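Beneath this line is the structure, given in structure tokens, with notes to follow.
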Amino acid sequence: MTPNANGSPRTIDIVNRSLARRYLSERRFRMCGLAAITASLLFLCVLLFTIGKNGYTAFQQTVIRLDVHFDEEQFSSQDLNALDYQDLIRSSLQRLFPEVEDRSEQRMLRALVSSGAAFQLQESVAQDPSFIGKTIPLWFPASDEVDMVMKGHFKRTAPEEERPINDLQLQWIDRLAAENRIAFRFNKGFFTSGDSREPELAGIWGATTGSFFTLLVTLVLSFPIGVASAVYLEEFAPRNRLTDLIEVNINNLAAVPSIVFGLLGLSVFLNFFQMPRSAPVVGGLVLTLMTFPTIIIAGRAALKSVPPSIREAALGVGASKMQTVVHHVLPLAFPGILTGTIIGMARALGETAPLLMIGMVAFIVDIPRGFTDPSTALPVQIYLWADSPERAFVEKTSAAIMVLLAFMILMNSAAIYLRKRFERRW
Amino acid sequence: MEQALIRESTGRQSPTLVSRRVSRDNRQTVGDPFVADPRMTCRNVNVYYGDKRAIKNVSLDVGRNEVIAMIGPSGCGKSTFIRCLNRMNDTIEGCRVTGEITLDGQNIYDSGLDVVALRAQVGMVFQKPNPFPKSIYENIAYGPRIHGLVDSKAALDELVENSLKKAGLWDEVKDRLHEPGTGLSGGQQQRLCIARAIAVSPEVILMDEPCSALDPMATAIIEDLIDELRQHYSIVIVTHSMQQASRVSQRTAFFHLGDLIEVGATSQVFTNPLHELTEDYITGRFG
């Protein structure tokens, strides 16, 4: 260390002494950040892995091949819909296992095939009447117990009384497998059918359409309300006590627990206005209450980020306030507003609690066809399935979560894409 | 007595060296703020930001076909003052203007006067070039279009071309009219903003430090342009550069802490100021 002419230590010496400490604290800070990101990624991976591991099997389904004999005499006179298709399945099984004569054993045998097989049979005959008079090999969904055994979710080695499937049924399954009468198929029904008490028949299409109608109502209502409020508050309203109060309330509204909105929907929309129960239109209204504060807040932030010089430029050439906003400010703020809207909609898509209160938690088999049909929504469907006792609903739950997450990822990527696409630099 | 004497001395138009300047304590305007046949007149204008009085009792005329420069140290109120001339201060929360400002004899703060119409007559160019993030063509066409100044595409094309020519930008951009205006250089952007202002054929153009963000070359081009524009418009320019004020303006107004201290012919103000504060400022003793 060489002191200065006047005896005090030189600045560079003091700086050098503290440098090591500064770099150390910088490294520490970076490590903390890295650790935080790693931890959150780890949790995310565990979550996604668990869901994926539990759920991927739901996209496959065990099917059993039966040779169905469409007896000409039986089909000749009667109405196709009035036939006992259950009996056709029964006799097909009987031919495969002629040695089973005991009534209770016969019942156990029938339990191997899903109860939906009869409906499937009815549909295929209606589609192709040329089946009549022939014996046709057809694939039918196995019951959920067989499905679980084939997918390895039930241990064959467990004591018989702890298994939903007994030794005799296991023998039959093995025999069917040996005859190549059991196979895995892509589970198309999961994406095309509504809810069902039978896990092998349950699908998410009903819940998906319900969610779609609900979100459509939410978007159509909350986007205009949100954007109009944001523009008015940000560009036109005077700053005074009243607007401050409104701002505080909007921020509050965005933070209110969603179940409260559900209760509000129940008492106002259902009880007072007598709107239909379990209907997407009511769900949409309730979710609108939840979503538009988010849109207002995002919209105001986006409007605020438009540089004031643009407003001055427009006013300077004589544009009116309204023209300034519509021609210049709003287009520049639009990507931000859009992002806020999509994020708000993604939140609405994942919302469960308020929908429980207005009856969208009901067990609904039919696919909703409109805004007033009873329906449920994807997250509620997940909740319903998670609550069901059958083992087969575990994988359905995870699969439904995967579908919901896929929609979320889709919406959020759309938000990012649109922002990048329309973002302007100035 | 002193005031009268000074007015007499400037009235003669030949700057005679004043031996005794007005003292620093005098906050009255010295020199002659009035002209014959003015385009705009300001009488006893006060501007308040909340309780703060930013402009104190200013009276000043803007003549026809002249460039009048506003100079003064930062925060002296010169920008605030020119923003009164097209009511740009209306957009600032808590800003209040009293007094009378007229354009061609009509009070612009009259309740019956439409501020949109006023701004079509009094254009403005800002400190930082602020083209719209649209094409060069759209930047110019926007004003005429919202005011309905043209009725055909051909007329609009012609107006855009003329405006760009007047702003001296045509040759540089004629092949890329449909590229974004924000892609131009700083000086070109500022000329684009000037072209945008003159496209609506205003009578007065306000320029708030138009060259402060530009390099000397671009500044020289804009100064030449201002001199040419004087043929058609009255120009009020705020500037921090005394050289610029002396180069482009015919009259100069010196502001200090909200007071209009001195107004006079530019040559006189810079060579032979009447007020001690003006002298302090132009000789670089403060500011």
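A compact table of results
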quantity: Unmet requirement for A:Val217, which otherwise passes all of (1) buried (at least 18 other Cβ atoms within 10 Å of the Cβ); (2) not in a helix (DSSP H, G or I); calculated: (2)
quantity: Members of the stretch A:114-147 found to be in a strand (DSSP E or B) and more than 20 Å from A:Lys188 (Cα to Cα), listed by number; calculated: A:Thr135, A:Ile136
quantity: In the stretch A:351-386, the residues that are within 23 Å of A:Asn271 (Cβ to Cβ), in a loop (DSSP other than H, G, I, E, B) and of a type outside the set (A, V, I, L, M, F, W, C); calculated: A:Glu351, A:Thr352, A:Gly359, A:Pro368, A:Gly370, A:Thr372, A:Asp373, A:Pro374, A:Ser375, A:Thr376
quantity: Some residue of the stretch A:68-91 being in contact (Cβ under 8 Å) with a residue 60 or more places away in the chain and among the basic types (Lys, Arg); calculated: no
quantity: Qualifying residues in the stretch B:182-197 (those that are within 10 Å of another protein chain (Cβ to nearest Cβ) and not basic (Lys, Arg)) - the one nearest to the chain's Cα centre (by Cα); calculated: B:Ala197
quantity: Search result, residues across the stretch B:119-142 that are facing chain A (nearest Cβ under 8 Å) and farther than 23 Å from B:Ala218 by Cβ; calculated: B:Arg119, B:Ala120, B:Tyr142
quantity: Residues satisfying the stated conditions in the stretch A:303-329, i.e. without any contact (Cβ under 8 Å) to a residue 60 or more places away in the chain and of a type in the set (A, V, I, L, M); calculated: A:Val306, A:Ala313, A:Ala314, A:Leu315, A:Val317, A:Ala319, A:Met322, A:Val326
quantity: Qualifying residue in the stretch A:168-175 (condition: surrounded by 13 or more Cβ atoms within 10 Å (Cβ to Cβ), within 16 Å of A:Val113 (Cβ to Cβ) and under 35 Å from the mean Cα position of the chain (by Cα)); calculated: yes
quantity: Single unsatisfied condition, B:Val263 versus (1) free of Cβ contacts under 8 Å to residues at least 60 places away in the same chain; (2) buried (at least 24 other Cβ atoms within 10 Å of the Cβ); (3) of a type outside the set (D, E, K, R); calculated: (1)
quantity: Selection within the stretch B:126-151 - among the polar types (S, T, N, Q) and assigned to a loop (DSSP other than H, G, I, E, B); calculated: B:Gln127, B:Asn130
quantity: Test for B:Val200: is it in contact with a His (Cβ under 7 Å, 6 or more places away or on another chain) and farther than 15 Å from A:Glu312 by Cα; calculated: yes
quantity: Leading residue by the ranking (surrounded by the most Cβ atoms within 10 Å (Cβ to Cβ)) among those in the stretch B:152-171 that are in contact (Cβ under 8 Å) with a residue 24 or more places away in the chain and assigned to a helix (DSSP H, G or I); calculated: B:Leu164
quantity: Yes/no for A:Ala348 being within 30 Å of B:Gly143 (Cβ to Cβ), part of a helix (DSSP H, G or I) and of a type in the set (Gly, Ala, Ser); calculated: no
quantity: Helices (runs of 4 or more DSSP H) wholly inside the stretch A:229-337 containing at least 1 residues that are touching a Leu at 6+ places or on another chain (Cβ under 9 Å), within 14 Å of chain B (Cβ to nearest Cβ) and modelled with pLDDT of 90 or more; calculated: A:241-255, A:308-316
quantity: A:Ala362 vs. criteria surrounded by fewer than 18 Cβ atoms within 10 Å (Cβ to Cβ), in contact (Cβ under 8 Å) with a residue 60 or more places away in the chain and either in contact with a strand residue (DSSP E or B) (Cβ under 8 Å, 6 or more places away or on another chain) or away from every other protein chain (no Cβ under 14 Å) (or both); calculated: yes
quantity: Some residue of the stretch B:150-169 being out of contact with any helix residue (DSSP H, G or I) (no Cβ under 6 Å at 6 or more places or on another chain), away from chain A (no Cβ under 11 Å), modelled with pLDDT of 90 or more and within 25 Å of A:Leu330 (Cβ to Cβ); calculated: no
quantity: Yes/no for A:Pro141 being farther than 19 Å from A:Pro389 by Cα and touching a strand residue (DSSP E or B) at 6+ places or on another chain (Cβ under 9 Å); calculated: yes
quantity: Members of the stretch A:242-280 found to be of a type in the set (Val, Ile, Thr) and closer than 16 Å to A:Glu351 by Cβ, listed by number; calculated: A:Val256, A:Ile259, A:Val260
quantity: Filtered residue count, the stretch B:76-118, keeping only those that are outside any loop (DSSP other than H, G, I, E, B), more than 9 Å from every other protein chain (Cβ to nearest Cβ), more than 19 Å from B:Tyr233 (Cβ to Cβ) and without any contact (Cβ under 8 Å) to a residue 24 or more places away in the chain; calculated: 1
quantity: So A:Ser398, is it in contact (Cβ under 8 Å) with a residue 40 or more places away in the chain, crowded, with 21+ Cβ neighbours inside 10 Å, part of a helix (DSSP H, G or I) and hydroxyl-bearing (Ser, Thr, Tyr); calculated: yes
quantity: Per-region count, the stretch B:38-52, residues within 13 Å of B:Asp259 (Cα to Cα) and touching a helix residue (DSSP H, G or I) at 6+ places or on another chain (Cβ under 9 Å); calculated: 2
quantity: Extreme residue, nearest to the other protein chains (Cβ to nearest Cβ), among residues of the stretch A:401-426 that are assigned to a helix (DSSP H, G or I), more than 11 Å from the chain's Cα centre (by Cα) and aromatic (Phe, Trp, Tyr); calculated: A:Phe422
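Condition check ((1) without any contact (Cβ under 8 Å) to a residue 40 or more places away in the chain; (2) surrounded by fewer than 11 Cβ atoms within 10 Å (Cβ to Cβ)) across all residues:
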| residue | (1), (2) |
| --- | --- |
| A:Leu109 | no, no |
| A:Pro137 | no, yes |
| A:Ala142 | no, no |
| A:Pro159 | yes, yes |
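The values are calculated or read from the model by the stated rules, or taken from the named source; none is laboratory data. These numbers were taken from a predicted model, which means no experiment stands behind them. As a convention, Cβ positions derive from the backbone with ideal geometry for all residues, glycine included, and neighbour counts pool all protein chains shown.
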